[in-house]
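Below is one structure, written out as structure tokens; the observations come after it.
The values are calculated or read from the model by the stated rules, or taken from the named source; none is laboratory data. This one's a predicted model, so the numbers in the text were calculated from it and none came from an experiment. Ideal geometry is used to build each Cβ from the backbone, glycine not excepted, and the neighbour counts take in all protein chains shown.
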């Protein structure tokens, strides 16, 4: 029996870590080779793409993709974790107007540097920051370059603001909301977070753990890996080149391996066998295609 391969888009529930979801899926699918594509805070919910079987080869690609969140900013309060689940550090009155809030939100759009919070899974010196934070230690963290593509104000009724944020990988929404609160002069922290999109995958693609447990065949919920690369060119090899493809060999362009037009130098392409099954990701070099990942 062939090992299942694909991407299972989960709707993570509050109270679970990303690793909890992986552990439960390993039990349900009876598989060890399962990997997630970037952590979500335990109290956060939403889209968590999970790679199953040989699809784990694209975990890093998914981790690097842009993400969209719906978040709630609670003004007038700060905490050590930058959310409402941490120890409250300060409380202040809130007299912020919607105009003032919108002005600060606009100032945060674009490329910027962000210092990771101490309560995060980022490692420094081989130790996770939250482990150091729990020991009462605070260490210097290097700022990371992130991009906030857009911030939409969905609603505002002081002291709470509901936001939709489209951002690059590595963005800590808690830290963004904390910084916004600081600029408004009253402080702020995150009181809600739901990830609604990772790359091409949305909540419409997502399943809860209960969905997966109750499915007659949980592998039927897997999305094929090539759905992740729907914008890339698709190529089908001729029957004469099937052996090279299945062995992950270089595909030489002068051998006429493709039925379609030729990819450009540097272009990434999805390669299908002569029966139409997706097999690999290749990249065009000068006179040949070189394997990037075989599925």
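Can you name the number of the only condition in (1) within 20 Å of residue 146 (Cα to Cα); (2) outside any strand (DSSP E or B); (3) modelled with pLDDT of 95 or more that residue 96 fails?
Condition (1) is where residue 96 drops out.
Among the candidates 250, 165, which residue alone is in contact (Cβ under 8 Å) with a residue 24 or more places away in the chain, assigned by TED's automatic domain parsing to the domain that holds residue 280 and touching a helix residue (DSSP H, G or I) at 6+ places or on another chain (Cβ under 9 Å)? Break it down stepwise before answering.
Numbers: 165 fails: assigned by TED's automatic domain parsing to the domain that holds residue 280.
Being in contact (Cβ under 8 Å) with a residue 24 or more places away in the chain, assigned by TED's automatic domain parsing to the domain that holds residue 280 and touching a helix residue (DSSP H, G or I) at 6+ places or on another chain (Cβ under 9 Å) holds for just one of 250, 165, which is 250.
State the number of residues belonging to the range 198-208 that are surrounded by fewer than 19 Cβ atoms within 10 Å (Cβ to Cβ) and in contact with a strand residue (DSSP E or B) (Cβ under 7 Å, 6 or more places away or on another chain).
Qualifying residue count, the range 198-208: 4.
Return yes or no: is residue 37 surrounded by 15 or more Cβ atoms within 10 Å (Cβ to Cβ), within 26 Å of residue 282 (Cα to Cα), touching a strand residue (DSSP E or B) at 6+ places or on another chain (Cβ under 9 Å) and not assigned by TED's automatic domain parsing to the domain that holds residue 169?
yes
Could you grab me the full set of residues in the range 186-222 that are touching a residue at least 12 places away in the same chain (Cβ under 8 Å) and part of a loop (DSSP other than H, G, I, E, B)?
Hits for the range 186-222 are 186, 187, 199, 200, 206, 208, 222.
Is it the case that some residue within the range 34-57 is without any contact (Cβ under 8 Å) to a residue 12 or more places away in the chain, at negative phi and out of contact with any helix residue (DSSP H, G or I) (no Cβ under 6 Å at 6 or more places or on another chain)?
From the range 34-57, those without any contact (Cβ under 8 Å) to a residue 12 or more places away in the chain are none; that's our starting set.
The answer is no, given that none of the residues of the range 34-57 is without any contact (Cβ under 8 Å) to a residue 12 or more places away in the chain, at negative phi and out of contact with any helix residue (DSSP H, G or I) (no Cβ under 6 Å at 6 or more places or on another chain).
I'm told residue 179 meets every condition in (1) outside the structural domain of residue 279 (by TED's automatic domain parsing); (2) surrounded by 16 or more Cβ atoms within 10 Å (Cβ to Cβ); (3) assigned to a strand (DSSP E or B) except one. Can you identify the failing condition by its number?
Of everything listed in (1) outside the structural domain of residue 279 (by TED's automatic domain parsing); (2) surrounded by 16 or more Cβ atoms within 10 Å (Cβ to Cβ); (3) assigned to a strand (DSSP E or B), residue 179 misses just condition (3).
Tell me, which strands (runs of 3 or more DSSP E) lie completely within the range 1-70 with 1 or more residues that are under 15 Å from residue 205 (Cα atoms)? Please lay out each step first, then the result.
On the way: elements: 6-12, 34-36, 45-52.
Strands (runs of 3 or more DSSP E) meeting the threshold: 6-12, 45-52.
Which condition breaks for residue 31 when tested against (1) within 18 Å of residue 212 (Cα to Cα); (2) surrounded by 22 or more Cβ atoms within 10 Å (Cβ to Cβ); (3) over 21 Å from the mean Cα position of the chain (by Cα)?
Result: residue 31 passes all but (2).
Could we say that residue 147 is assigned to a strand (DSSP E or B) and at pLDDT 95 or above here? Spell out the reasoning first.
Values: assigned to a strand (DSSP E or B): yes; at pLDDT 95 or above: yes.
Spelling it out, residue 147 is indeed assigned to a strand (DSSP E or B) and at pLDDT 95 or above.
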